[in-house]
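Okay, so here's the structure we're looking at.
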Amino acid sequence: MSTALFHLDNQDYFDFSHLRSRASRLVRGLSLIRHAAAGDREAAIALKVGFWPFVREFELAIDQQLLPRQPLVKKFGDSGVRGIFVGIARAVRDMREEEGSHAAHWQKDAACLGIDDLGDLRAPGVQALIDCAYVKDLPRFFSMLAGTEFIAEELARFLVDSPDFTDLFSRKRWLWGEVHLAPHEDGPSHLEIDLDLARAYSTSTGASEIEDMVIDTIELFGRAADDVEEALLLST
């Protein structure tokens, strides 16, 4: 695992395997996702339409987050923060730009699925995700980003490997999923940075508080998927 911004021991500090396993089990257990993986066109459309408001809003939420310097100076000292803070600003800017790119992939994939208008249907669980993305508590914010990354990667891993799903698209590929599986070879991944910054801004002395917030986000995606399925499939 690549070195992050403040801590050299994140791989040992956080239980990445457990968090990824929680995300994987949740994704693979969701009725909406299982039906999409099996080639159910309506489920795939519901996935694209139902989660679009969050995909679109996520970039905006990152852009609006303010990152104060003083808590980091208090914790790490001014000399330890001065150079790193430039890297933090760059990393967060890159996250925002990448999420904008991901939203564009989501739209293009939807067009390849025959969706002309993704609309703005906000199922309760999806709206809850959006609300969490705008939280000002920084350990919770970066934990939310980390949980989102775990879900995105595991969703991609499950669906990209399903020909029944990818064959639904006119180009026989799901690009949004593919970009989430691309390796990070030029530094720490966004997931690593998210957890590093959650830890940097946290006043806790252990990993469990941050891991619990990551799991809260993972579980909220499960609720959102069930709400999307109910709104777009089960109610029709």
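The values are calculated or read from the model by the stated rules, or taken from the named source; none is laboratory data. Everything numeric in this text was worked out from a predicted model, so none of it was measured. Virtual Cβ from ideal backbone geometry, glycine too; neighbours counted across all protein chains shown.
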- Query: Which helices (runs of 4 or more DSSP H) sit wholly inside segment 23-84 and have at least 1 residues that are of a type in the set (Lys, Arg), surrounded by 13 or more Cβ atoms within 10 Å (Cβ to Cβ) and touching a residue at least 40 places away in the same chain (Cβ under 8 Å)?
  - Reply: 41-64, 70-76
- Task: Scan segment 93-121 for residues that are over 20 Å from ARG173 (Cα atoms) and crowded, with 19+ Cβ neighbours inside 10 Å and jot them down.
- Result: MET95
- Task: Please note which helices (runs of 4 or more DSSP H) are completely contained in segment 132-236 and include at least 3 residues that are closer than 15 Å to ARG22 by Cα.
- Result: 138-160, 208-229
- Given the conditions (1) in contact (Cβ under 8 Å) with a residue 12 or more places away in the chain; (2) surrounded by fewer than 18 Cβ atoms within 10 Å (Cβ to Cβ); (3) closer than 30 Å to LEU8 by Cα; (4) not β-branched (Val, Ile, Thr), and given that ASP164 satisfies all but one, which numbered condition is not satisfied? (3)
- Identify the residue in segment 204-218 that is touching a residue at least 60 places away in the same chain (Cβ under 8 Å) and surrounded by fewer than 16 Cβ atoms within 10 Å (Cβ to Cβ) and, among all such residues, is farthest from GLN11 (Cα to Cα). ASP216
- Only listed residue being touching a Lys or Arg at 6+ places or on another chain (Cβ under 8 Å), closer than 19 Å to HIS180 by Cβ and at pLDDT below 95, chosen from ALA110, ALA103: ALA103
- Message: Kindly evaluate ALA111 against the criterion of being assigned to a helix (DSSP H, G or I), within 17 Å of GLU59 (Cβ to Cβ) and free of Cβ contacts under 8 Å to residues at least 24 places away in the same chain.
- Response: no
- Message: Condition (residue is in contact with a helix residue (DSSP H, G or I) (Cβ under 8 Å, 6 or more places away or on another chain), in contact (Cβ under 8 Å) with a residue 24 or more places away in the chain and part of a loop (DSSP other than H, G, I, E, B)) applied to segment 89-96: is it met by at least one residue?
- Response: no
- Residue among ALA231, ALA152, ALA146 that is under 15 Å from ASN10 (Cβ atoms) and hydrophobic (A, V, I, L, M, F, W, C): ALA146
- Message: Can you tell me which residue is surrounded by the most Cβ atoms within 10 Å (Cβ to Cβ) among those in segment 1-22 that are more than 24 Å from ASP161 (Cα to Cα) and of a type in the set (Phe, Trp, Tyr)?
- Response: PHE14
- Task: Report yes if some residue within segment 146-153 is among the aromatic types (Phe, Trp, Tyr) and surrounded by fewer than 24 Cβ atoms within 10 Å (Cβ to Cβ); otherwise report no.
- Result: no
- Message: I need the full set of residues from segment 42-94 which are closer than 30 Å to LEU232 by Cα and of a type in the set (Phe, Trp, Tyr), in order please.
- Response: PHE51, TRP52, PHE54, PHE58
